[in-house]
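Notes follow once the structure below has been shown.
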Amino acid sequence: MAEEILIIKLGALGDLFQAEGAIHDIRLRHPDARITLLTGPAYRRLMERCPWIDRIETDPRAPRWRLDKMLDLRHRLRSVPFAMVYDLQNVARTAFYRRWFLPRTPWSGTAPGCSHPHRAPNPKRIPSLERLAGQLADADVPVVHTPAPDLGWVAEDVSGILADADVVAPYVVLLPGSSARLPQKRWPGYAALAERLIARGVEVVTVPGPEELDLCRTIPGKTLTAGRWLNFTQLAGVLAGARLVIGNDSGPTHLAAHLGRPTVALFGSHMAARLTGIDRPWVTCVEVPDLAGLTVDRVERIVADHLDGE
């Protein structure tokens, strides 16, 4: 019987993308195991494509007072004889799972009492990819791919979607959205930037998520919806073919970075770019105290440097 391994990474989307290399390294550490990923329901279809995972369990993150949901999740996790748990989420919820669901299972992470603790004194202050690498090293997992996630497996062929929207390569993608709970992460200058790029003869494309359709319709250029919003694999296909991507600190912007595309990422004071894992050689991170004060002129100059330097 194959060894059973559980990886916990519930979300959010950008965090899940950053963990891709760590998941790859766990697969290499357990080449013959059956690896289960516990993640959010929204990411099931995406992570079913991941070549390092064998099966998916979902956690809707129900309130702990919903005993029916807690008992269901405990039953599902206890039904598999896991030999090891790699908790890549490392939050109070997953520490609760270790204590009450799988207390005797070997566990890597920051949960109190776990068998393979991440020994960094303050992990939350460490850049995300370094934090993941340190946790795996503390669990005797050789670190090879963790520092450089590779999301090429996410993208699907979107040539039909591009053709239907009359999008002709080369094109630039604008990603004006981010979490609706954090409006301070959204730069307000995308419409003006799009106008200037189109005046330069640049093909401009936006790709809205479920909550961003109205926002993207205010931005000049072509909005890709394929009858509705694109799923993660279609979004990846669009980003993989982009000449340049400009976006906020959001999951799609991280996806572009980990697809190896030239990216301009805009950060306000919510989070330092170095802590997010997006700081790669082909990514230009623009950090300002307040995105509302970031001028279109400044972003246009950065974008022009990229386009003129090709």
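Details
- Percentage, to the nearest whole number, of Cα pairs in segment 208-304 over 16 Å apart: 59
- Mean ellipticity per residue at 222 nm, deg cm²/dmol - from DSSP H runs of n ≥ 4 across the chain, formula -39500 (n - 2.57): -9000 deg cm²/dmol
- Among [x] 20.4, 63; [y] 21.3, 73; [z] 17.9, 54, the entry that matches Rg and Dmax of the Cα atoms in Å as calculated here: [x]
- Amide hydrogen neighbours beyond the local backbone of C285, cut-off 5 Å, H modeled: A265
- Long-range lysine pairs (8 or more apart or interchain), the chain, Cα under 25 Å: 5
- Packing-based ranking of 1-7, 218-224, 21-27 yields 21-27, 218-224, 1-7, ordered from highest to lowest mean Cβ neighbour count within 10 Å.
- Value of relative contact order over the chain, rounded to a whole percent, pairs C-alpha under 8 Å and six or more apart: 17
- Hydrodynamic estimate: the Kirkwood radius of segment 1-148 over Cα pairs, inserted into Stokes-Einstein at 4 °C and 1.567 mPa s, corresponds to D of 85 µm²/s.
- Note on segment 149-227: Kirkwood radius taken over Cα pairs, Stokes-Einstein applied at 25 °C and 0.890 mPa s, translational D equal to 179 µm² s⁻¹.
- Which of L175, L244, L215, L28 has the fewest Cβ neighbours within 10 Å, and the rest in rising order: L28, L215, L244, L175
- Whole-angstrom Cα spans of segment 137-181 along principal axes, big to small: 51, 31, 15
- Pairwise label distance in nanometres, A120 with A192, each label 7 Å out on the Cα-Cβ vector: 3.7
- Peptides 58-69, 278-289 ordered by packing proxy, namely the average of other Cβ atoms within 10 Å per residue, highest first: 278-289, 58-69.
Only the coordinates and a few stated rules stand behind these numbers; no lab work does. Since we're looking at a predicted model, the values are computed, not measured. Because the Cβ atoms are built from the backbone with ideal geometry, glycine has one as well, and the counts that use them run over all protein chains shown.
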